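Step one of this worksheet: look at the structure below.
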Amino acid sequence: MRVLILSLLAVAGIGLLGHTPKAAAQVAVEVGPAPDCPYGYYDVPPYACAPAGYYGPEWFADGVFIGAGPWFHGPAHFHGHVDNHFHPAHGYHGPMPARGERRDAGKMVTAHNFHGNEMRDGHGHVVKK
């Protein structure tokens with residue numbers, strides 16, 4: 001009987017040794033500096049510069065883009081208008097500014113000349129109205 005108990009304990013011990021606990025993955029993502037774009041950049045990779053007219057005026061504080069994607073620094077629960085006709089995922093193939101290009105003040109969007117058709121949250125998500 002004693003040999004049977006010792007045998008069972010040995011088998012159980014070997015079984016426990018064969019099981020290794022899973023380690024939790026640690027992921028660190030370095031995104032670097034925000035793209036330097038005159039009218040803001042899209043909130044999804046590859047974070048290309050968006051043309052004038054994509055973002056509504058609420059995306060700018062004193063003329064400075066509040067950011068999008070990993071560089072978003074707007075208020076909590078922010079919802080801002082965009083005109084997704086100017087997004088490549090919606091078929092836009094028109095001119096887009098290059099990184100580092102300076103903005104043309106005449107192209108800046110104001111509340112009276114903006115025609116948004118979608119709300120976004122700054123983190124790449126469409127928000128239902």
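Here is how the numbers come out for the structure above:
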| quantity | calculated |
| --- | --- |
| Number of positions in segment 35-51 that are in a loop (DSSP other than H, G, I, E, B), touching a residue at least 60 places away in the same chain (Cβ under 8 Å) and either farther than 13 Å from residue 124 by Cβ or of a type in the set (S, T, N, Q) (or both) | 4 |
| Residues of segment 97-129 classified as among the acidic types (Asp, Glu), within 21 Å of the chain's Cα centre (by Cα) and not in a strand (DSSP E or B), total | 1 |
| Top-ranked residue of segment 94-126 - restricted to ones that are of a type in the set (Gly, Ala, Ser) and surrounded by fewer than 12 Cβ atoms within 10 Å (Cβ to Cβ), ranked as farthest from residue 83 (Cα to Cα) | 100 |
| Enumeration of residues in segment 52-71 that are more than 18 Å from residue 85 (Cβ to Cβ), in a strand (DSSP E or B) and within 18 Å of the chain's Cα centre (by Cα) | 60, 65 |
| Number of positions in segment 76-90 that are farther than 16 Å from residue 41 by Cα and loosely packed, with under 10 Cβ neighbours inside 10 Å | 2 |
| Options 94, 32, 74; residue that is modelled with pLDDT of 95 or more and either assigned to a loop (DSSP other than H, G, I, E, B) or within 18 Å of residue 123 (Cα to Cα) (or both) | 94 |
| Residues of segment 77-91 satisfying the condition of being in contact with a Phe, Trp or Tyr (Cβ under 9 Å, 6 or more places away or on another chain) and in a loop (DSSP other than H, G, I, E, B) | 78, 83, 87 |
| Residue count, segment 102-129 (criterion: charged (D, E, K, R) and without any contact (Cβ under 8 Å) to a residue 12 or more places away in the chain) | 2 |
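The values are calculated or read from the model by the stated rules, or taken from the named source; none is laboratory data. It should be emphasised that the depicted structure is a prediction, and the values quoted were computed from it without experimental measurement. For neighbour counting, all protein chains shown are included, and Cβ atoms are generated from backbone atoms with ideal geometry for every residue, glycine included.
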